[in-house]
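I have placed the structure first, in the form of structure tokens, so that the comments after it can refer back to it.
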Amino acid sequence: MNLKKYLPLLALLLPVTLQAQPFTQAQLDQFQQLPRAQQEALARQYGVDLSNLGGSAMTGSQQRLTQPQVVEPLGQIRDDERDQAYRRGQDSEPKADDGVLKPFGYDLFAGSPSTFAPVTEIPIPADYRLGPGDVIRVQMWGNQNQLLSLPVSRDGTIDFPQSGPRPVAGLTFEEASRQIRELVAEQYIGVRAAVSLGELRSMRIFVLGEARVPGAYTVSSLSTMTNALFVSGGIRTSGSLRAIRHMRDGELIGELDLYDLLLKGDTRNDARLQPGDVIFIPPVGPHVAIEGEVYRPALYEVKGNLNINELVAFAGGLTPQAFPQRARLTRLNESFQRVIEEADLTSNSDSQRRLRAGDRLKVASVSDITGQYIAIEGAAVRPGRYAWIPGMRVSSVLGSLRADLSQTADTQYAAIVRTNPETDHISVLNLRLRDAVQNPGGEHDLVLQERDRILIFSDEGKVAAQKSQTRNQTESDTEEKKSLADYSRERLFAPVLERLRAQASPGQPLQTIRISGQVRYPGEYPMPATRSLADAIFVAGGLKDSASLLVGELARMEIDDRGDAFTRVLQLDLSGGLEGIDLQLQSRDRILIKPIPEFAQRMTITLSGEVRFPGEYTFRKGETLNDVIQRAGGLTDNAFPSGAVFTRERLRRLEAQRLQEAEERLQSELVSLQLEGETVARQQTSAADIQDLLDNIRSARPMGRLVFDLQASMAGVVSQQIRLQDGDMLIIPPIPQSVSVFGEVQFPTSHLHQPGLTVEDYLERSGGPTRQADVSRVYVVKADGSVSLPKRSRWFTGRAEQLEPGDTIIMPLDVERFNQLQLWTNVSQIIYQIALGAAAVSNL
């Protein structure tokens, strides 16, 4: 069906949804008589919401007052404009930094008010006064059943059937309900009526003053002052929460104190609004502050006289950690100087003290435990403070090594940090933890004193084992175990050493020593109470197995007769054991435990290939390669000693460094390549050639090969004897049968050696040189790794020279094509290294 004929009808309905203008019931009925499909088609075409067209029926020419959204200000303000205004109100608020007290109560209005609406599905109060826009529903039953919806028109009347207009505006709902029931009883015999309210009218109110978004708003007729405050976005922190004025026709109707609502839940003064009412928010009044041990520390607005007791009640009272006998009140005196006064909150006179604007009350907390305790710190399962009982011992708080210590704890040694109650100085006692726990009441189970601190250290060996076990565990488990393992001597003793340094004086020198060398935990430690060397070594975890028990050193600072300090070195004879040394340690002594020379130094060489007994051999310092080969049974009959590859780790690192440096130089050449007088195509070709050379360098792996004559070495030639180093490797290849051709040839490969063939012959078998080849600089890498160049070799006089099995022919790159004389110098060593590596691999 053609929809064009319904366009005039839809044009009449558009103002209903777009401009909220009144419309007649006839217009609505005409549109609703259309089929549903046509209604939806017209609505989609013109953007009409059908849900907005389903209002209650109207009688005659009565007009309905539409009810706009209760959260929208009056006027033509768009949603984006309203949101911008709300954000401006928020941005203008003073921000409170962390740790700074915030004004109390303003968080009530946090968030955007764009979806707020007062509740309307509630019983209508009996004193509710009717007005234009309200709908009265009359349910009639008996001899006649009928449901009437009677809107209150603009003139304040309802059009009751067969009775004409009846004025109801200004009447309470109870009065209007009674009149309608009497009217029904008079006009209809045997009919009874029930009266209720349908949709409620909307009304315009004003929210002014220190509102976040002041202006005119349309709200429901059931709205109260707090509803209107929410609609306007709340109150700025510059506005008062305690003197919000409700005004009507220029007269003050009442005041709302939001503290009654927030602190007591009292809504008696939350008056219902009427059309045209004004809510005015005056500037905020004087403030007082309370902080410390209260439940709601904040800035509170003062209304009238306020005493300390009332302020504490505002803040929710004191916490259990409060110390009410000593509260601190900061205020300004008559000279505008800030002074501090003490207040006892348990005293009636102090709690009734009147507060002034700007006062700040701080409630102190109870102090930490100052006595009657001992503490356990470090790698314990349950660290913390415990009650101290006179006569208690270490075994009283640590009854089991397994149950009371963590998995990473050092069960041999612990320390007790003791505080002198008279001087407040500390001292450190060594504790043999295992002996103390396993033998309660023994000589090592020390008696604890008040405020003793037991330091439990971690064992580095256990920590390392635990880290390897926790690699596959979850992150949380790993972090938990890491915290248990992070109790090294260095960490736990750090604050103790700082305290000892701080309390040192000329009469009481610093009570620390330093131990280095072959002990498990070298470092600086507090002076043992016994001042014995054995206890000092025990504190450092004991001696390592590499420690020399012959002699040690002790460096001691002394002062001569002139008052100058000097160092005296004492030699310690450790052959009789640590317990037998009669020596008293002094302040700042430095102990050195020397290692056993060459202890656990295992030097090895790996022999592989054509050796009778290949494997990893341990050698003595000064041994030669020939000595180890003889221990390995010599070479096999298939060995090719001329092609032996001897590599050394130190040389490999050196070659890797040289390759890296050369690569960086070539990379710089590639970036700055500018060939004068050449075409762009030639420049691109040169850059591509250098890039290929760079790729070859990056793919090269340094071998660290040492070129020498193995046969001469085995024959006893002194100049060819190699003294071994740790990590050396010797590879003896079998007798080769090939000659390799590498470099700038068409087909780099290896060829079966044939007597009588020359360099030229093998080059032809590999396809000949490429365009980038430098045919004038062909050279040969011999099987032993030595290189023969045409201009330097006494045997190499031309390409007709015959080759031996295992030799490698290298066709180099024509570096002069790049028109850079320095480039050959930069890459010659790299090419040499690549040639050596290629030759070594090809001969194996």
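The values are calculated or read from the model by the stated rules, or taken from the named source; none is laboratory data. Just so we're clear, the structure is a prediction, and the values are computed from it rather than from any experiment. Cβ sites come from the backbone with ideal geometry, for glycine too, and all protein chains shown count toward neighbours. Accessible surface areas use protein heavy atoms only, side chains included; no ligands, DNA or RNA. Shrake-Rupley method; radii C 1.70, N 1.55, O 1.52, S 1.80 Å.
Looking for whichever is surrounded by 17 or more Cβ atoms within 10 Å (Cβ to Cβ) and either farther than 30 Å from Q601 by Cβ or modelled with pLDDT under 85 (or both) here; the options are V739, V707. Which one fits?
V739
Beta carbons closer than 6 Å, at least 6 apart along the sequence or on distinct chains, pair a first residue in segment 574-586 that is assigned to a loop (DSSP other than H, G, I, E, B) with a second that is open to solvent by 70 Å² or more (accessible area, probe 1.4 Å) and among the basic types (K, R) for Q584/R531; L585/R531. With respect to the numbered conditions (1) touching an Asp or Glu at 6+ places or on another chain (Cβ under 7 Å); (2) over 30 Å from K303 (Cβ atoms), which one is the sole condition not fulfilled by P390? Every listed condition holds for P390 apart from (1).
Residues in segment 600-632 that are touching a Ser or Thr at 6+ places or on another chain (Cβ under 6 Å) and in a helix (DSSP H, G or I): N626 alone. Taken over segment 607-626, the criterion of being surrounded by fewer than 15 Cβ atoms within 10 Å (Cβ to Cβ), charged (D, E, K, R) and at pLDDT 90 or above is satisfied by R612, E616.
Looking only at segment 422-443, which residues are within 19 Å of M527 (Cβ to Cβ) and either in a loop (DSSP other than H, G, I, E, B) or not β-branched (V, I, T) (or both)?
At the first step, the residues of segment 422-443 found to be within 19 Å of M527 (Cβ to Cβ) are 423-432.
Within segment 422-443, T423, D424, H425, S427, L429, N430, L431, R432 qualify.
Does A415 satisfy the condition of being hydrophobic (A, V, I, L, M, F, W, C) and out of contact with any helix residue (DSSP H, G or I) (no Cβ under 8 Å at 6 or more places or on another chain)? No; evaluated as a whole, the condition is false for this residue.
Do the conditions hold for L252, that is, is it crowded, with 16+ Cβ neighbours inside 10 Å and either hydrophobic (A, V, I, L, M, F, W, C) or within 40 Å of the chain's Cα centre (by Cα) (or both)? Steps first, please.
Details: crowded, with 16+ Cβ neighbours inside 10 Å: no; either hydrophobic (A, V, I, L, M, F, W, C) or within 40 Å of the chain's Cα centre (by Cα) (or both): yes.
Judged against the criteria, L252 is not a match.
Report yes if some residue within segment 258-270 is exposed (fewer than 14 other Cβ atoms within 10 Å of the Cβ), within 20 Å of L345 (Cα to Cα) and either out of contact with any Ser or Thr (no Cβ under 7 Å at 6 or more places or on another chain) or in contact (Cβ under 8 Å) with a residue 24 or more places away in the chain (or both); otherwise report no. Checked against the condition, which is being exposed (fewer than 14 other Cβ atoms within 10 Å of the Cβ), within 20 Å of L345 (Cα to Cα) and either out of contact with any Ser or Thr (no Cβ under 7 Å at 6 or more places or on another chain) or in contact (Cβ under 8 Å) with a residue 24 or more places away in the chain (or both), segment 258-270 yields no hits at all. Only one of the numbered conditions (1) under 52 Å from the mean Cα position of the chain (by Cα); (2) of a type outside the set (F, W, Y); (3) open to solvent by 50 Å² or more (accessible area, probe 1.4 Å) is not met by Q630, and that is (1). Condition (residue is open to solvent by 40 Å² or more (accessible area, probe 1.4 Å), part of a strand (DSSP E or B) and modelled with pLDDT of 85 or more) applied to segment 713-729: is it met by at least one residue? Yes, segment 713-729 has at least one match. Residues that are under 19 Å from F314 (Cβ atoms) number at least 1 in the following strands (runs of 3 or more DSSP E) confined to segment 232-300: 244-248, 251-256, 287-292.
If you check E310, E377, E301, E293 for being closer than 30 Å to Q412 by Cα and at pLDDT 90 or above, only one passes: E377.
Looking at R296, R382 in this structure, which one is more than 26 Å from L261 (Cβ to Cβ) and open to solvent by 10 Å² or more (accessible area, probe 1.4 Å)? Full working, then the answer.
Working: R296 fails: more than 26 Å from L261 (Cβ to Cβ).
Among R296, R382, only R382 is more than 26 Å from L261 (Cβ to Cβ) and open to solvent by 10 Å² or more (accessible area, probe 1.4 Å).
Just so you know, in segment 561-581 the residues that are of a type in the set (V, I, T) and modelled with pLDDT of 85 or more include one that is nearest to L550 (Cα to Cα), and it is V569. One residue alone among A485, A465 is modelled with pLDDT under 90, open to solvent by less than 60 Å² (accessible area, probe 1.4 Å) and under 25 Å from the mean Cα position of the chain (by Cα), and that residue is A485.
On the given criteria, is W795 at pLDDT below 85, farther than 23 Å from L659 by Cβ and open to solvent by 40 Å² or more (accessible area, probe 1.4 Å)? Explain how you work it out, then say what you get.
Working: at pLDDT below 85: yes; farther than 23 Å from L659 by Cβ: yes; open to solvent by 40 Å² or more (accessible area, probe 1.4 Å): yes.
Answer is yes for this residue.
Between I537, I513, the distinction of being of a type in the set (V, I, T), touching an Asp or Glu at 6+ places or on another chain (Cβ under 8 Å) and modelled with pLDDT of 90 or more belongs to I513 only.
Where strands (runs of 3 or more DSSP E) fall entirely within segment 312-396, those with at least 2 residues that are in contact (Cβ under 8 Å) with a residue 40 or more places away in the chain, more than 30 Å from F457 (Cβ to Cβ) and among the aliphatic types (A, V, I, L, M) are at 360-365. For segment 505-550, the set of residues classified as open to solvent by less than 50 Å² (accessible area, probe 1.4 Å) and aliphatic (A, V, I, L, M) consists of L510, I513, I515, V519, M527, L533, A534, A536, I537, V539, A540, A547, listed by residue number. Out of segment 534-556, which residues are part of a helix (DSSP H, G or I) and in contact with a strand residue (DSSP E or B) (Cβ under 7 Å, 6 or more places away or on another chain)? Answer for segment 534-556, where residues must be part of a helix (DSSP H, G or I) and in contact with a strand residue (DSSP E or B) (Cβ under 7 Å, 6 or more places away or on another chain): D535, A536, I537, F538, V539. When segment 424-453 is filtered for residues that are among the β-branched types (V, I, T) and either within 15 Å of I389 (Cβ to Cβ) or at pLDDT below 90 (or both), only V447 remains. Restricting attention to segment 176-223, which residues are more than 52 Å from the chain's Cα centre (by Cα), more than 21 Å from S153 (Cβ to Cβ) and of a type in the set (A, V, I, L, M)? Residues satisfying the conditions are A185, I189, V191, A194. Scanning segment 587-599 for residues being open to solvent by 100 Å² or more (accessible area, probe 1.4 Å) and in a loop (DSSP other than H, G, I, E, B) gives a total of 3. Taken over segment 307-336, the residue count meeting the criterion of being under 17 Å from L263 (Cα atoms) and crowded, with 19+ Cβ neighbours inside 10 Å is 5. Can you find even one residue in segment 486-508 that is β-branched (V, I, T) and under 30 Å from R382 (Cα atoms)? Within segment 486-508 (the criterion being β-branched (V, I, T) and under 30 Å from R382 (Cα atoms)), the answer is yes, since at least one residue qualifies. Of all the numbered requirements in (1) surrounded by 15 or more Cβ atoms within 10 Å (Cβ to Cβ); (2) small (G, A, S); (3) farther than 27 Å from L492 by Cα, G576 misses one, and that requirement is (1).
State all residues of segment 743-787 that are assigned to a strand (DSSP E or B) and open to solvent by less than 50 Å² (accessible area, probe 1.4 Å); if no residue qualifies, say none.
Just the residues of segment 743-787 that are assigned to a strand (DSSP E or B), to begin with: 743, 745, 749-752, 758, 769, 773, 779-781, 787.
Passing the criteria: G743, V745, T749, H751, T758, A773, Y779, V780, V781, V787.
Given the structure, is S458 at pLDDT 90 or above, touching a helix residue (DSSP H, G or I) at 6+ places or on another chain (Cβ under 7 Å), of a type in the set (G, A, S) and open to solvent by less than 80 Å² (accessible area, probe 1.4 Å)? Yes; evaluated as a whole, the condition is true for this residue.
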